[in-house]
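Read-outs: derived from the displayed coordinates by stated rules, not from any lab. Worth saying up front: this structure is predicted, and the values here are computed from it rather than measured. Positions of Cβ are generated from backbone atoms using ideal geometry, with glycine treated the same way; all protein chains shown enter the neighbour counts.
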Amino acid sequence: MPKHKNYVTTERKGLSKLHVFITFMNEYGYLVLFLALFLGILAVPLPIEAMMGYAGLLAFQGQMNWMAAILSAGLGGAAGMFAAYWVGYKLGMPFFEKYGRASI
């Protein structure tokens with residue numbers, strides 16, 4: 001591992017972002033789970049797998065209802081798929097042919 005300043009500051013920033021997600025998950029569990037899955041399906045880079053794992057831990061500890069967490073995540077994923085389909089349907093293939101290469 002490199003031991004220069006940029007590596008250390010990047011590592012600290014990453015930990016603070018994870019801390020923010022954990023804090024939001026503890027405060028607004030089902031809503032954060034729904035929004036994370038919704039935005040994750042729309043290609044926003046969020047740690048969805050980590051949040052689902054943390055939701056499982058909270059459910060195991062009795063801080064979240066297991067069935068409500070699954071329902072919230074499922075609805076968020078379904079809403080994200082619907083929104084992604086709608087964006088593709090409304091903007092069409094010419095939009096993605098024109099701007100899709102710029103984002104890759």
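Tabulate in residue order the Karplus-calculated ³J(HN,Hα) for region 92-99, using 6.51 cos²θ - 1.76 cosθ + 1.60 with θ = phi - 60°, rounded to whole Hz; enter x for Gly and Pro.
Per-residue couplings from phi come out as x, 5, x, 4, 6, 5, 7, 9 Hz.
Would you mind calculating the gained length between Trp66 and Phe95 on full extension (0.36 nm times residue separation, minus the Cα-Cα distance), in nm to one decimal?
6.4 nm
What does the highest-first list of 29-40, 56-67 look like by mean Cβ count within 10 Å?
Ranked by mean Cβ neighbours within 10 Å, highest first: 29-40, 56-67.
How much length is gained on full extension from His19 to Ala79, taking 0.36 nm per residue of separation minus their Cα-Cα distance?
Going from the current span to full extension adds 19.0 nm.
List, in order, the whole-Hz ³J(HN,Hα) value for each residue of region 44-50 obtained from phi through the Karplus relation with A = 6.51, B = -1.76, C = 1.60 and θ = phi - 60°; use x for Gly and Pro.
My calculation for region 44-50 gives 7, x, 10, x, 4, 4, 5 Hz in order.
Can you tell me how region 39-104 classifies by the Cα gyration tensor, rounded, prolate or oblate, using a/c under 1.5 as the rounded cut?
Here region 39-104 falls in the oblate category.
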